[in-house]
Amino acid sequence: MKFRGRHSEVYVEGCKAVKVFKPQFKYNFWKEVRYLTILQRRGFVPKIYRYNPRDLTVEMEFVNGLKIREFVKERDFDEVVDVLKACMDICFYLDRMRVQKDEMNRPDRHIIVSDRIVFIDFERACESPKPSNVTQFLEYIRKVTDLSVEREFIYRYKRSFMIRDYNILRAMLFKPYIS
Ligand SMILES: Nc1ncnc2c1ncn2[C@@H]1O[C@H](COP(=O)(O)OP(=O)(O)OP(=O)(O)O)[C@@H](O)[C@H]1O
Ligand SMILES: [Mg+2]
C-alpha cells in the first residue's frame, strides 16, 4: 500500500510506514525526525524506528486506525466529543512545549484514532514562543460540532498558556458534556 503526499510518498510494509521525502524537502525530513524524536516518549506520535538522511527516509510505526475525518463522520457524537477532548489536550501539551505543529485547524488526515490517538506528519512543525495548536484546533471543533467558546477565554489562555486558563477554556467549551 502506498500514500502519496505533497512532500513524500509513504509505503506501508506490514506494521511499518516508510516515509520517503522528495529530494527538495530535505529540511522537512529533518523536522519530521526532530519532532518525532522529541515527542517519542509521549505516545501520541508514531514510534520511530530508523531514519536515513542519505535517502531521506523515516521508518516508523504504521498506525492502523480511522483518520479523524472518518471518525467524526461515522461515530456517535459522545464518542466524537471524547476524542476531540483528548486531541485538544495533546494540542495543549504541544503549546506548552512551544511546538507549533501547524494546520491544526484542518487535521483531517493527520490525526489517527486507533487504540490511542496519534498525531502524524511533523514536517512543518517549528518552535514558537506563542504556538496556536489549541486555538487552531478550536476552529476545527467549531467546524465539526458547533461547539465554541467566548473569545475572552481564548484571549486569557493565549496570554498565559497556563493550565488553569486552559482548564477553564476546556470546561467552557465542553460545558454540555462534562465528564
Ligand atoms: N505512521 C503512519 N501510520 C499510518 N498512516 C500513515 C503514517 N504516516 C503516514 N501515513 C499515511 O500517509 C499519508 C501521507 O502522510 P504525510 O501526511 O505524513 O505525508 P506528506 O507528504 O507530509 O503529506 P502532506 O503533503 O499532505 O502533508 C497520511 O495521510 C496517512 O494516510
Ligand atoms: Mg505533510
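The values are calculated or read from the model by the stated rules, or taken from the named source; none is laboratory data. If you're wondering where the values come from, they're calculated on a predicted model, not measured in any experiment. In this analysis, Cβ positions are derived from the backbone assuming ideal geometry, glycine residues included, and neighbour counts consider all displayed protein chains.
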Checklist entry - Do you know which residues across region 126-148 are more than 17 Å from residue 86 (Cβ to Cβ), in a helix (DSSP H, G or I) and of a type in the set (Ser, Thr, Tyr)? => result 135
Checklist entry - Out of all the residues in region 35-88, which are among the hydroxyl-bearing types (Ser, Thr, Tyr) and surrounded by fewer than 16 Cβ atoms within 10 Å (Cβ to Cβ)? => result 37, 49
Checklist entry - From the residues in region 113-137 that are closer than 20 Å to residue 34 by Cα and within 12 Å of ligand 1 (Cβ to nearest atom), which one is surrounded by the fewest Cβ atoms within 10 Å (Cβ to Cβ)? => result 124
Checklist entry - With respect to residue 26, is the statement that it is at pLDDT 95 or above, touching a Pro at 6+ places or on another chain (Cβ under 9 Å), outside the structural domain of residue 125 (by TED's automatic domain parsing) and surrounded by fewer than 16 Cβ atoms within 10 Å (Cβ to Cβ) true? => result yes
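In region 3-17, what count of residues is obtained for those that are out of contact with any Pro (no Cβ under 8 Å at 6 or more places or on another chain), under 19 Å from residue 63 (Cα atoms) and within 15 Å of ligand 2 (Cβ to nearest atom)? Spell out how you get there, then give the answer.
Pass one, region 3-17, residues out of contact with any Pro (no Cβ under 8 Å at 6 or more places or on another chain): 3-16.
Add one more test, that the residue is under 19 Å from residue 63 (Cα atoms), and what stays is 3-5, 8-16.
Adding the requirement that they be within 15 Å of ligand 2 (Cβ to nearest atom) leaves 3-5, 8-10.
The qualifying residues number 6.
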Checklist entry - Within region 149-179, can you find the residues that are in a loop (DSSP other than H, G, I, E, B), surrounded by 15 or more Cβ atoms within 10 Å (Cβ to Cβ) and of a type outside the set (Phe, Trp, Tyr)? => result 149
